[in-house]
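Quick notes on the structure that follows.
Each value in this text was obtained by applying a stated rule to the coordinates, not by laboratory testing. Owing to the predicted nature of the structure, the values given are computational and were not obtained by experimental measurement. FYI the Cβ positions are ideal-geometry reconstructions off the backbone, even for glycines, and counts take in every protein chain you see.
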Amino acid sequence: MSRNGQHDGPGRARRTSRYSAWSLVKNGLGAGSGWERAFRHHTPKETYDVIIIGGGVHGLATAHYLAENHGITDIAVLEKSYIGSGGSGRNTAILRSNYLTPEGVRFYDRSVKLYEHLAADLNFNVMFSQRGHMTLAHNDSSLRTMHWRAEVNKLQGVDSSVIDPAEIKKLVPYMDVSSSTRYPILGALYHPPGGIIRHDAVVWGYARSADAHGVHIHQKTEVVGIDVASNRVTGVRTADGRRISAPVVVNCTAGWSTLISDMVGVDMPVQTFPLQAAVTEPVKPFLDTVVVSGTLHTYVSQTDRGELVFGASVDPFASYSTRGSLDFVEGLAGHVLELMPGLSKMRLLRQWAGLCDMTPDYSPIMGLTPVEGFFVDVGWGTYGFKAGPVSGEAMAACIAHGKPPEIIAAFGLERFDEGRLVGEKGAAAVGH
Amino acid sequence: MTRPGARRRAAADHRLGARPGEVIDRSRTIEFRWNGVTHTAHPGDTIASALAAAGVRMFARSYKYHRPRGLLTADIFDPGAILQVGDEPNVRAAHRLVEPGMDVRSQNTWPSLRYDVKAVNQLAGRFLATGFYYKTFIKPERLWPTYEKVLRQFVHAGEVPPDSEQPYFDKRYAHPDVLVAGGGPAGLAAALSAARAGARVMLVEQEHQLGGHLRWGDADDLRLRDELVAAVEAEAGIEVLTDSVVAARYDDNWLALVQRGLPHVAERLIKARAGTLVVAAGLIERPYVFAGNDLPGVMLSTAVRRLLNLYAVRPGRRAVVFTANPEGDAAAADLRAAGVDVVEVDARHGRTVVRATGRGGVEAVELSDGSRIEADLLVTAIGWTAPTSLLNMSGANPVYRPDAARFVPDPGATPDGVIAVGGIAGDGTREELVAHAEAAGREAAARASALAAVHAAGRPDGPAATPRPAEPVPALGLRHHPELFYATPTGGFVDMSEDVSAKDILTAVKEGYDSSELVKRYTTATMGPAQGKLETVNTVALVAHATGKTIAETGATTWRPMYTPITLGALAGRKFEPVRHSPVQPWHEAHKATPLIAGQWIRPEHYGDPAAEVRNVRAGVGIIDVTPIGKLDLQGPDVPKLLNLLYVNKWSKLGIGRVRYGVMCAEDGVVLDDGVTGRLAENHYLMSTTSSGAGTVWEWAENWLQTEHPEWQIHITPVTTAFASINVAGPKSRELLARLTDVDLDNTAFGYMNVRTGTIAGVDNCVLWRIGFTGELSYELHVPASYGLHVWEALMATGADLGIAPFGVEAQRILRLEKGHFIVGQDTDGLTKAYSAGLDRVVKLDKSDFAGKPELAWQAARGEYPMLVGLRPLDTSVIPEEASQIISDGGYIVGRITSSRLSPTLGHPICLGQVDAHLADPGTRLTVRLRNGSDTTVEVTAEHAHFDPEGERQRV
Amino acid sequence: MMLLTCPNCGARNVSEFRYVGEAKSRPDPETATPEQWRRYLYFHRNPAGWISETWYHGSGCRRYFGIERNTVDNAQRSAAGTAGATS
């Protein structure tokens, strides 16, 4: 076993030192850090079997499962910034599977199942905290939608139920469930397996595992062109002037997915919108549940560090700007205090934005494209992080077998030309 | 004077005699409590200065290792002085002024600050190194929730009690020509010159006094401060805000300011649209990284000068001053003048501090030459950080200058609307900085004026404007400063808030987290309360060291809003959540209507017994307030063209006095809205929409008119609230209405689906529609809104002998369900196209064009679409809940119940539901999974309508 | 909050406006193929750069108008054509 990963040949697997309490003690007693690099630098090769564009959770999970499940390890993951710098590191790290449509529920349920064992599978603690997830209903029609979701979830074996204000108050004592508010809380969809996770750890865990399998992760490597000959992908060109060839190129980007697909001339039903989030200063833990209010466009959770993490819906107009807005934090604060009035003295520490690729039916675009060898795993809207593991698993299968597995069959690009939209739009239109 | 329960009163024995620049009012003494002990302060003292005056050195315990921590910066960014005050967590004690009776406590210490049990973590520290939690607690999986609970106990923060008071917050808008962020010498000078050039100026200072670093300077500094402050205060064009902060800058100089210290307002958010933003944030002193650098008694030179010169507090008795600049030298001089023994260690002569040692505070300092000095205070003055946050938020990332040992703004990247002055922009003498700021202030005023001219010219009637190009502000020079970041790359803390050591940074890089961003995320360095203002540059320097790159190559992470954290209360402000009521609302309230929230509208759901309300409509007469129904007044010769375009059915031949039902689809064929439109006169129509669709349909219609058919002569006026709308329904409705109107109600004169205008209860200009949502003979009255209550009361009074009763939304829902009318958004969803809603007879594909036509044509041709059907439960004792799923034998979802009620008229449950195409034939039996998990059987009915499917009752 | 310039009202806070979307031309509904129609319904150019788009001044003069905006930095210039013009 090589101490310095730099000497391992490309494409060759290495054994990584295991993380455990014992190894922690051993390294703590040693003079310095004896830990190996979790992921290494490599000089890009001229050719790979598979090039994955985007070093977020989707790209890295795809690499991991290609290696782990299909023995394909000659892979380059090209990341224009640092790994996890896009949506993977900017989302609010909420996991759930209580979707509306059978195909959505099945898909996200698989993701939650993979997340439940991810720490052990990757030997990297991703800190999945299944603390429960509740979606509040403030009016009749949203309560009806919550019941709709609960009934669909139950039929799919997903733990979901509608609870009443008294039960909400028991789970979240700080919540104002009185009927005197402008948006009284009538009930909530409660989903015990939902929760939060350490999003960066998921990225790093997949990266470390992929690296151990021999996958090359090239950070600060931006793709500026994709070569196509006779309607077949042949490789990519990078900002530093390299040409790297590969018969398979996978678009695993978010925010920039249309720009990458434009490089091969594949049109996308995607519009890029900023999605903002914010975090407060820490306070002692008081909120054990993820709280979402569609009517108030707000979601809140408290991390193990004590911070409240807030999110909302996407910005009102398309943009690639991630500078954020005051409107967002004003609205957010107002809505959070509407729900939990006792928090007015907490302070907002930081706000940020990520980019979301919105599709017309609130569902992703996965699988093959009209250009041979060019695969997409894009259009993730505001829910890409939740789907990281299952997307990686499904895309790996799709690439290995040349056709999409059943679990993502509904998410093909062709559905838009054929007018077969996925029904999650039903809930979004009715719902909140 | 001792409070009951207070244990003792601490003496302020570290307070010095009067200082020329002090900000405390010695004529008064106030009391407050610190961890249960009564202390005294003078007005003007911060919590920290008052405690320091009493000799308190330890203010807090650190996050992970629970190490003792004291004052470091003695300002708002001090990581060591974040305390609980009453029910307010995380108060910046080196900024917050003492108020009488304050209850101040250290956070996250148990059982006490001095004897903190979790301090045992220090012993385990080598195992708690960065990233430890990613490497352990992995197996067994089932124990992770337990581990997590333990981890959460370590949260390093104050608390929000559940019964926290909710103070008053508010907001203000401001439109200054020039906004100056920072009230130091440069900010003062820039504000003055901008105001003298004619600009309206807002000057914002985070601290409690203007003057910046001049306040703790020498006599010349104080004289200059007095001059500048006096001039600013005399200048009418400058509004000064102290104890206020420009927290963030957004696009087009939209600025978030928080103003504190106002009477009766906890905090005020000021939203300012500034012509030009002048950033005069000054410089923040950067800590030095060395072993023991977090011990209480290790302070920055600016902290020491603040304590000495603003608060007259002696921070120690014997000091080592490690200095690399004149400010450090001045701190040494100030300490000597205050009677402190001082040993200077001059970095410019190659001497370095390598270690501070002591238990609970500094006791000795070790130097690079191996010598050891006994001291209780170690002062460092090793360099500066430009807090460029507001410039980052403007899109300008700072660049590193090794000669000045700091990141500086890149003037080329700064937008025209933003100018940096003072220390953040460069170095110079007092006079140079003031002169530069004066030039910048004049240019700021000129740019603001030019922008205002451009905006004025942007209006159609605006004056022409010749754009004035922004003129560059001459650059300030940079003073040479040695690069001093750490004594050794393995000793001391780089982030005191997060307990991140220098060694942690090296470990992270070694493990592959080898960029500033990954180090930040892996170690959490720079993620604490100061958001990297003290920590970022040292972190970057260590990353650069570990990777072998330069600091410039390594680069800093982005500074995002907020500059300093601001309360949720200030961001939220007062609650402004408008609701809409009909003019009849007082009557509803007087008659105990149960309110229903329907979007912005508050409506009567029922008046006690919705089933009785239904029966009364079927048997006699009822009235319902339907004011929220959307109403559009359409005028012009081309209205039929618009109706033909918006609705799926035909409108060309609608005669005067006729009303027709129509459905609108979006361009994807999905049902968007429905309602009736009546033709009042040759070129005059009144359209109704659903309540929730009123705004959408209006904008949708305008969009077609303005963007696709600007040549059509049509004028649309929304009149939803211009009318109060009342539906009079039931077999006796004609009899009732005839008593109140001059309109001929005879069935031959005014038949079903007709419209008339006339007088009702003496009110002119009323519109009467004869339509039938309830399935009964009914008239929908639209009366001028101010007479709504009058007409309602007249109906109630006049109809008393007919058994009139009001009915609410719930009764209306039941009535319409009995009639099989769908509700858009309940029985349809975001994918329901017109044919799926059962609108075969309404959609007219032979029209030349209408919104959504191609999709509907293809839907019709393809068939096999889900269908909305009437459903009747076979077990009449079961009312399937709405949203119950319809399942196949194999348990697959094949549909759902969209509406369901017990019909008071029929005496059995009735439903509407969406089912897959092959299950839509009348007579088909379907299984419904109820919420309780049991199944029941329903049968598809021939029609949506369960009652009077021929519609005879409404035509009488 | 960025400013948006309404041709009637001048520069106003963007919160006064509703974003309609990329300017698109509506295919002839009589002759459009399903694929053409669905491109119109669902597909976008979505460039990182200048784009022609439609806005609605809902809290002002209620005008629909076209504008060119840079989606990277939100800079604006007035549209060459009228609202709804082909992109």
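Can you flag which of A:220/B:549; B:64/B:503; A:80/A:403 are past 23 Å Cα-Cα? Checking Cα-Cα distances, A:80/A:403 exceed 23 Å.
Rounded to the nearest 10 degrees, the angle from helix A:102-116 to the longest Cα principal axis of chain A is 70 degrees.
Can you figure out the FRET efficiency of residue B:457 with residue B:220, using R₀ = 51 Å and their beta-carbon distance, to the nearest 0.05? The formula returns an efficiency of 0.60 here. Fully extending the segment from residue B:239 to residue B:892, taken as 0.36 nm per residue of separation minus the present Cα-Cα distance, adds 228.2 nm. Distance between the 7 Å Cα→Cβ label points at residue B:930 and residue A:230: 6.6 nm.
Which shape class, rounded, prolate or oblate, goes with segment B:723-856 when its Cα gyration tensor gives a ≥ b ≥ c as root eigenvalues, a/c under 1.5 marks rounded, and past that a/b bigger than b/c marks prolate? Cα axes put segment B:723-856 in the prolate bin.
Summing -39500 (n - 2.57) over the DSSP H runs of n ≥ 4 in chain B and dividing by its residue number, what mean residue ellipticity at 222 nm do you reach, to the nearest 500 deg cm²/dmol?
Mean residue ellipticity, 222 nm, calculated: -6000 deg cm²/dmol.
According to the square roots a ≥ b ≥ c of the eigenvalues of the Cα gyration tensor, what is the shape class of chain B, taking rounded for a/c under 1.5, prolate for a/b larger than b/c otherwise, and oblate for the remainder? Note, shape of chain B comes out prolate. When the pairs A:170/B:575; A:345/B:171; B:844/C:24 are compared against a 20 Å limit on Cα-Cα distance, A:170/B:575; B:844/C:24 fall above it.
For a Förster distance of 35 Å, can you work out the FRET efficiency between the beta-carbons of residue B:652 and residue C:62, rounded to the nearest 0.05?
0.80
Could you identify which residue out of C:45, C:69, C:12 has the top mean-square fluctuation in a GNM of chain C using Cα springs shorter than 10 Å? Looking only at C:45, C:69, C:12, the largest GNM fluctuation is found for C:45.
As a proxy for reagent exposure, ranking B:726, B:804 by other Cβ atoms within 10 Å from fewest up yields B:804, B:726. Electrostatic tally near residue B:798: other residues with Cβ closer than 12 Å to its Cβ, Lys and Arg +1, Asp and Glu -1, net -1. When each of A:240, B:45 is scored by the number of other beta-carbon atoms lying within 10 Å, the sequence from fewest to most is A:240, B:45.
Extending 7 Å from the Cα toward the beta-carbon at both residue B:364 and residue B:589 defines two label points whose distance is 7.8 nm.
Between residue B:921 and residue B:759, what FRET efficiency follows from the Cβ-Cβ distance if R0 is 51 Å, with the result rounded to 0.05?
About 0.50, to the nearest 0.05.
Put in order of Cβ neighbour count within 10 Å, fewest first, the listed residues B:380, B:741 become B:741, B:380. Among the chymotrypsin sites (Phe, Trp or Tyr not before Pro) within segment A:41-130, not one is in coil by DSSP while having at most 10 neighbouring Cβ atoms inside 10 Å. Helix A:140-155 axis versus longest C-alpha principal axis of chain A: approximately 50°, rounded to the nearest ten. The simple spin-label model puts a point 7 Å past each Cα toward its Cβ; for residue A:297 and residue B:552 those points are separated by 4.4 nm.
What net charge do the residues around residue B:574 carry, taking every other residue with its C-beta under 9 Å from that of residue B:574, with Lys and Arg at +1 and Asp and Glu at -1?
Counting the neighbours of residue B:574, the net charge comes to +1.
Cysteine residues of the protein assembly as shown whose C-beta has no other cysteine C-beta under 4.7 angstrom: A:252, A:356, A:398, B:665, B:766, B:911, C:61.
Taken as Cα centroids, segment A:195-245 and segment B:656-689 sit 54 Å apart, rounded to the nearest whole angstrom. Taking the C-alpha atoms only, the angle from helix B:326-337 to the longest principal axis of chain B is near 60 degrees. For the protein assembly as shown, a/c is not less than 1.5, where a ≥ b ≥ c are the root eigenvalues of the C-alpha gyration tensor, and a/b tops b/c. That puts it in the prolate class.
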